[in-house]
Amino acid sequence: MSSDIQSTGRKLPTRLVCERYGVSSRTVERWERNPDLNFPQPTIINKRKYWDDDALTGWDRTQVRGA
């Protein structure tokens, strides 16, 4: 990451991750379990999953490069 990019520190719940990618929660679960995708792993808080927005943005960039 470039040094001029600042961390947002935002955590997104599963619903917002689904909206971000236009997929179902089941698809996000599959991505999470597939080691070949290297999808960011969630943080679990009170039995709910939250994804780091910066990690998702980084993953987005790797997907664009790999396309």
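The values are calculated or read from the model by the stated rules, or taken from the named source; none is laboratory data. This one's a predicted model, so the numbers in the text were calculated from it and none came from an experiment. Here the Cβ is made from the backbone with ideal geometry for all residues, glycine too, and neighbour counts use every protein chain on show.
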Item to check | Candidate set: the stretch 8-36, residues that are basic (K, R) and touching an Asp or Glu at 6+ places or on another chain (Cβ under 7 Å); chosen: the one surrounded by the most Cβ atoms within 10 Å (Cβ to Cβ) | outcome: K11
Checklist outcome for this item: Residue pairs within 9 Å by beta carbon, gap of at least six or interchain, first lying in the stretch 7-19 and farther than 11 Å from A55 by Cα and modelled with pLDDT of 95 or more, second in a loop (DSSP other than H, G, I, E, B) and among the small types (G, A, S), listed first then second, are C18/S24
Checklist entry - Of all strands (runs of 3 or more DSSP E) completely enclosed by the stretch 6-67, which ones contain at least 2 residues that are on the phi > 0 side of the Ramachandran plot? => result none
Checklist outcome for this item: Among residues of the stretch 37-54 being surrounded by fewer than 15 Cβ atoms within 10 Å (Cβ to Cβ) and either farther than 15 Å from S25 by Cβ or hydrophobic (A, V, I, L, M, F, W, C) (or both), the residue farthest from the chain's Cα centre (by Cα) is N46
